[in-house]
Amino acid sequence: MSYEQDLIVKTAWKYYNEGLTQNEIAESLNLSRMKVIKYLEKAKTNNIIQFKINLNKLTNIDLQHKIKQKFSLKDVYIVPSSSQSTATSLTIAAAQYIEDRITSDTMINIGYGEAVSKTLGHLNISTKYKVTFVSLSGGVKFYMPTAIDTASDYYTNPNYNHYIMPSPLLVSSDNLAEQMQNEKPIRKISEMIPHSHITVIGIGALNDRATLVKEGYLDKNDMEIIKSKGAVGDLLSQFYDINGNVLDLDLHKKLISTEIELLKSLNHVVGVAGGIEKKEAIAGALKGGYIDVLITDESVAQSLV
């Protein structure tokens with residue numbers, strides 16, 4: 001089930017089965033009323049509505065509900081698992097999720113990594129709105145145009161503004177990290193972060209494809225040591241255990257990054273991650289309460305309940 005079809009079914013279910021008004025549906029799904037009207041029309045056109053909801057279209061509703069309840073999430077979107085295109089499906093769904101929620105000028109915090117970069121590359125936001133993107137960490141390379149789909153207008157759209165922390169992700173000492181975060185150009189960007197409308201982050205697993213390994217900050221031995229301390233995943237290069245508790249690592253003190261505890265206070269934190277190799281990393285992030293909305297695939301979703 002695609003992201004849009006999933007949203008069409010949810011809209012139809014709330015309207016016809018739960019008896020909610022269009023305004024109530026718009027508020028519960030964080031959509032505009034015009035989007036709700038559009039999706040109700042599509043539900044009729046696509047034969048989802050046949051005097052009742054076509055239950056064959058609702059294969060993931062129960063699973064989504066269980067995950068939402070278990071982890072106190074605002075919402076969950078599940079895309080079909082595929083060894084070939086899961087990452088593409090996830091990031092298209094994430095981009096559409098963001099697009100649907102931009103109904104005025106908007107500020108979006110962005111993490112780094114493949115999932116976030118591809119999501120940004122798929123964005124197609126109305127030219128009516130100005131969108132400000134704010135980086136959550138240092139590591140300028142991760143936010144440069146070469147990290148985003150070259151066919152995207154992410155860096156050429158005149159309605160987009162970009163605020164990128166002018167620093168590396170990891171420095172040589174905790175003292176240097178503290179000094180750099182107090183420098184005005186970095187501090188001013190950090191001060192913008194709490195005022196965002198949406199935050200988009202990836203969830204890292206402990207393997208050779210981790211950003212810190214690929215970029216040469218850590219090697220395989222380092223990762224094995226971190227894993228031995230109980231780590232199952234990372235958010236913004238901060239490692240946590242299966243219950244979402246952040247580990248006490250010297251590495252964390254050398255990062256130029258938003259502390260992941262701050263994620264709990266931000267609006268609409270969207271985690272984009274899939275693949276069964278990330279199931280523990282995703283579970284830990286959910287148990288830690290860092291994420292409001294999860295966009296993942298069927299195999300991971302089934303492992304979470």
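The values are calculated or read from the model by the stated rules, or taken from the named source; none is laboratory data. These numbers come from a predicted model, not from an experiment. Positions of Cβ are generated from backbone atoms using ideal geometry, with glycine treated the same way; all protein chains shown enter the neighbour counts.
Among the residues of the stretch 196-218, which ones are more than 15 Å from LYS254 (Cβ to Cβ) and exposed (fewer than 12 other Cβ atoms within 10 Å of the Cβ)?
ASP208
Among the candidates ILE193, ILE186, single out the residue that is hydrophobic (A, V, I, L, M, F, W, C), in the same structural domain as ASP105 (by TED's automatic domain parsing), surrounded by 16 or more Cβ atoms within 10 Å (Cβ to Cβ) and within 30 Å of LEU31 (Cβ to Cβ). Lay out the reasoning, then the answer.
Values: ILE186 fails: within 30 Å of LEU31 (Cβ to Cβ).
Just a single option satisfies the conditions, and that option is ILE193.
Which pairs have Cβ atoms under 6 Å, sit 6 or more apart or on different chains, and link a residue in the stretch 147-162 that is more than 16 Å from GLU114 (Cβ to Cβ) to one that is at pLDDT 85 or above and surrounded by 15 or more Cβ atoms within 10 Å (Cβ to Cβ)?
ASN159/LYS130; TYR160/VAL131; ASN161/THR132; HIS162/PHE133
How many of the residues making up the stretch 161-183 are in contact with a strand residue (DSSP E or B) (Cβ under 8 Å, 6 or more places away or on another chain) and among the hydroxyl-bearing types (Ser, Thr, Tyr)?
Residues flagged as in contact with a strand residue (DSSP E or B) (Cβ under 8 Å, 6 or more places away or on another chain) and among the hydroxyl-bearing types (Ser, Thr, Tyr) within the stretch 161-183 amount to 1.
Identify all residues within the stretch 226-258 that are touching a residue at least 12 places away in the same chain (Cβ under 8 Å), over 16 Å from SER137 (Cβ atoms) and among the charged types (D, E, K, R); write none if there are none.
Matches in the stretch 226-258: LYS227, LYS229, ASP241, ASP250.
Could you please give the count of residues in the stretch 219-248 that are surrounded by fewer than 20 Cβ atoms within 10 Å (Cβ to Cβ), part of a loop (DSSP other than H, G, I, E, B) and touching a Phe, Trp or Tyr at 6+ places or on another chain (Cβ under 6 Å)?
Residues in the stretch 219-248 being surrounded by fewer than 20 Cβ atoms within 10 Å (Cβ to Cβ), part of a loop (DSSP other than H, G, I, E, B) and touching a Phe, Trp or Tyr at 6+ places or on another chain (Cβ under 6 Å): 1 in total.
Here's the yes/no breakdown for (1) surrounded by fewer than 17 Cβ atoms within 10 Å (Cβ to Cβ); (2) in contact with a Pro (Cβ under 9 Å, 6 or more places away or on another chain); (3) of a type in the set (Asp, Glu):
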site: THR106; (1), (2), (3): no, no, no
site: GLY111; (1), (2), (3): no, no, no
site: LYS118; (1), (2), (3): no, no, no
site: THR127; (1), (2), (3): yes, yes, no
site: PHE133; (1), (2), (3): no, no, no
site: LEU136; (1), (2), (3): no, no, no
site: VAL140; (1), (2), (3): yes, yes, no
site: MET144; (1), (2), (3): yes, no, no
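Of the residues in the stretch 1-36, how many are over 20 Å from the mean Cα position of the chain (by Cα), part of a loop (DSSP other than H, G, I, E, B) and modelled with pLDDT under 85? Show your work before the answer.
Within the stretch 1-36, the first condition is being over 20 Å from the mean Cα position of the chain (by Cα), and the residues that meet it are 8-27, 32-36.
Next, from what is left, pick out any that are part of a loop (DSSP other than H, G, I, E, B): 18-21, 32.
Filter once more, keeping what is modelled with pLDDT under 85: 18-19.
Qualifying residue count, the stretch 1-36: 2.
Just to be sure before I move on: is LEU90 touching a residue at least 24 places away in the same chain (Cβ under 8 Å), surrounded by 23 or more Cβ atoms within 10 Å (Cβ to Cβ), over 28 Å from ILE186 (Cβ atoms) and under 16 Å from the mean Cα position of the chain (by Cα) in the structure I sent?
Answer is yes for this residue.
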